[in-house]
Amino acid sequence: MSSSNPTTEPAAAALPVPDSTSAAPAPAATSETATSATETTASRAAAPPTAAKSADLVRDKDVKHQCCGCMEIRRGVTALLIIDIVLNILSAMMMLAAVSMAKFALAAAKKQGRTIAGNEPDAEAALEAAYPLLYVAAALAAVGAAFAIWGLVSVRGRKVRNFKIFATINVLLVIVDAIMLPFNLSSGSVIVVVAKGYFAYVFFSYVDTMRAEKEAIKELELKAASSA
């Protein structure tokens, strides 16, 4: 004889079964977010003090913070030096290319029994006399590129003494350009000298900023060492 109750069995079958799979993602997502935040915080804490931005290092220091009014001074000095390197290299290449093209044109003209300037043979002598000047100009441009590379290496390594020497020499070169300006007076030359003067001012100002950066980095390293 069966003792089952027919009225309770359907009720038990109608009870909803909790879906464990639908509730699981929420804790998992929270765990992933917490893990990601922890990793981000740890990576920031592990970053060396030398990787900090200049603006963060010298925020409360009485030094020049910006270059050209739109970027932090360390980044601006780096950009100016890279531009100077590129321009000097291009200038040296153009000088050497001019000599090569002139020699090629002169040789081709002589081979055909004519001059490169029509009936003006003196132009050939003047052109040949200009070769040494072009070579000197190319050499000066190469020296300028090497000088700018030295300044860039000093900036990247925060070598205060080396960059101070670089900035001082740069100021002296601008003074020489200003003295020679009346002998080659034009709107373009004036703009160039004024721009060089401002850049020399930025370079020289960054000497104090770089020194403050190094002091701030040293303080951060001491704090990190004491807390370790």
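The values are calculated or read from the model by the stated rules, or taken from the named source; none is laboratory data. Predicted model only: the values in this text are computed from it and were never measured. Glycine gets a Cβ as well: all are built from the backbone with ideal geometry, and neighbour counts include every protein chain shown. What goes into the accessible areas is simple: the full protein's heavy atoms, side chains included, and nothing from ligands, DNA or RNA. Shrake-Rupley method; radii C 1.70, N 1.55, O 1.52, S 1.80 Å.
Some notes on this structure:
- Residue, surrounded by the most Cβ atoms within 10 Å (Cβ to Cβ), within region 210-226, restricted to residues that are within 17 Å of Asn162 (Cβ to Cβ) and of a type outside the set (A, V, I, L, M, F, W, C): Glu213
- Counted residues, region 136-159 - those being surrounded by 18 or more Cβ atoms within 10 Å (Cβ to Cβ), under 19 Å from Tyr201 (Cα atoms) and touching a residue at least 40 places away in the same chain (Cβ under 8 Å): 5
- Any hit, region 57-76, residues being of a type in the set (S, T, N, Q), open to solvent by less than 60 Å² (accessible area, probe 1.4 Å) and at pLDDT 75 or above: no
- Some residue of region 181-193 being under 21 Å from Leu90 (Cβ atoms), surrounded by 14 or more Cβ atoms within 10 Å (Cβ to Cβ) and touching a residue at least 60 places away in the same chain (Cβ under 8 Å): no
- Restricted to region 180-228, and to residues there that are small (Gly, Ala, Ser) and within 24 Å of the chain's Cα centre (by Cα), the residue that is modelled with the lowest pLDDT is Ala216.
- Annotation for region 56-63: at least one member residue is touching a residue at least 24 places away in the same chain (Cβ under 8 Å), out of contact with any strand residue (DSSP E or B) (no Cβ under 6 Å at 6 or more places or on another chain) and part of a helix (DSSP H, G or I).
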